[in-house]
Amino acid sequence: MVGNLLLRGMLAGLIAGILVFAFAHTFGEPLVDAAIAFEEASAQAAGEAAEPEIVSRATQAGLGLFTGVMAYSVAVGGLFALAFAFVHGRFSRLSARGTSAVIAIAAFVAVVLVPSIKYPATPPAVGNPDTIGVRTELFFLMIVVSLAALIAAVALSRRLSERFGPWNGATIAGIAYLVFIGLVLYLLPPINEVPENFSAMVLWGFRTTSLGMHAILWATLGLAFGALAERRLAVKGGQRGRPATAFH
């Protein structure tokens, strides 16, 4: 059963990848071109030699972007299916579609939205090359902390629900998650390496496009995988009352 769901997760990731690529190619690549033009103009003004182009922009924006997006989306789709297989039927009475949607929303918040509040995406011309290692480490630390906090909040919600009821338990756990994340955002060091003369419109457009790409990915996974998983689980015996765990 898990293997079958894994294939469906990868298929959902494939569908999501095609949509994300179309969105990124249409709306994201022009912003990357604008950022690269700014970087080249700044280097020329400083009298620096232009860096050799190892891979052409046409390849980067076409085949390179498509390959990267598809590989990432299919991999995330597989992980999404494994998370669904573990969660479905164990923590709630939600249907397959409902469980898939909740996982997608929670993952988008914990993996994308929360880390982006502290360390938003930046185009190629923004950032000091000497600090890329530190910036990458801090970004992934934010993802790990956010995911761990979300899992802890879900566990806390289940415990509190036994005493205060499901709604109150979820509300208290949600507030605890927000307070903890707020404290983490405050304590982690900020990074602001945007040049003063860099276009605010390009920066804003790039960051909103980045969030849009992730929103398309997780929304498609939640909807497409939910539909595919529901059909599969219905074949295995239907869903009457409490759904059986996907690992059965």
**Asked** Inside region 45-60, can you point out the residues that are surrounded by 10 or more Cβ atoms within 10 Å (Cβ to Cβ) and modelled with pLDDT of 75 or more?
**Response** SER56, ARG57, THR59, GLN60
**Fill in**
Among (1) part of a helix (DSSP H, G or I); (2) open to solvent by 60 Å² or more (accessible area, probe 1.4 Å); (3) in contact with a Lys or Arg (Cβ under 9 Å, 6 or more places away or on another chain); (4) not hydrophobic (A, V, I, L, M, F, W, C), ARG159 falls short only on (3)
**Message:** Can you confirm whether LEU63 is part of a helix (DSSP H, G or I), more than 28 Å from GLY222 (Cβ to Cβ) and modelled with pLDDT of 90 or more?
**Reply:** yes
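Is one or more of the residues making up region 135-152 farther than 21 Å from ALA110 by Cα and among the aromatic types (Phe, Trp, Tyr)?
Within region 135-152, none of the residues are farther than 21 Å from ALA110 by Cα and among the aromatic types (Phe, Trp, Tyr).
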**Message:** Of the residues LEU188, LEU183, only one is modelled with pLDDT of 90 or more, closer than 29 Å to VAL126 by Cα and open to solvent by 80 Å² or more (accessible area, probe 1.4 Å); which?
**Reply:** LEU183
**Request:** Could you please find all residues in region 76-104 being touching a residue at least 24 places away in the same chain (Cβ under 8 Å), polar (S, T, N, Q) and surrounded by fewer than 16 Cβ atoms within 10 Å (Cβ to Cβ)?
**Result:** none
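Residue-wise test of (1) within 19 Å of PHE38 (Cα to Cα); (2) among the β-branched types (Val, Ile, Thr); (3) modelled with pLDDT under 90.
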| position | (1), (2), (3) |
| --- | --- |
| ILE117 | no, yes, no |
| PRO123 | yes, no, yes |
| VAL126 | yes, yes, yes |
| ARG158 | no, no, yes |
| ASN197 | yes, no, yes |
**Message:** Within region 1-21, does at least one residue satisfy the condition of being modelled with pLDDT under 95, surrounded by 15 or more Cβ atoms within 10 Å (Cβ to Cβ) and within 25 Å of PHE198 (Cα to Cα)?
**Reply:** no
**Request:** Go through region 110-125 and give me each residue that's open to solvent by less than 50 Å² (accessible area, probe 1.4 Å) and among the hydrophobic types (A, V, I, L, M, F, W, C).
**Result:** ALA110, VAL111, VAL112, VAL114, ALA121, ALA125
**Prompt:** If a residue has to be in a helix (DSSP H, G or I) and either touching a helix residue (DSSP H, G or I) at 6+ places or on another chain (Cβ under 9 Å) or on the phi > 0 side of the Ramachandran plot (or both) to count, how many in region 179-200 make the cut?
**Reply:** 4
**Message:** Looking at the structure I just gave you, is VAL144 surrounded by fewer than 19 Cβ atoms within 10 Å (Cβ to Cβ) and without any contact (Cβ under 8 Å) to a residue 40 or more places away in the chain?
**Reply:** yes
**Prompt:** From the residues in region 196-219 that are among the aliphatic types (A, V, I, L, M) and out of contact with any Ser or Thr (no Cβ under 8 Å at 6 or more places or on another chain), which one is surrounded by the fewest Cβ atoms within 10 Å (Cβ to Cβ)?
**Reply:** ALA200
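The values are calculated or read from the model by the stated rules, or taken from the named source; none is laboratory data. Owing to the predicted nature of the structure, the values given are computational and were not obtained by experimental measurement. Cβ sites come from the backbone with ideal geometry, for glycine too, and all protein chains shown count toward neighbours. For the accessible areas, the whole protein counts, side chains as well, though only heavy atoms, and no ligand, DNA or RNA atoms are used. Shrake-Rupley method; radii C 1.70, N 1.55, O 1.52, S 1.80 Å.
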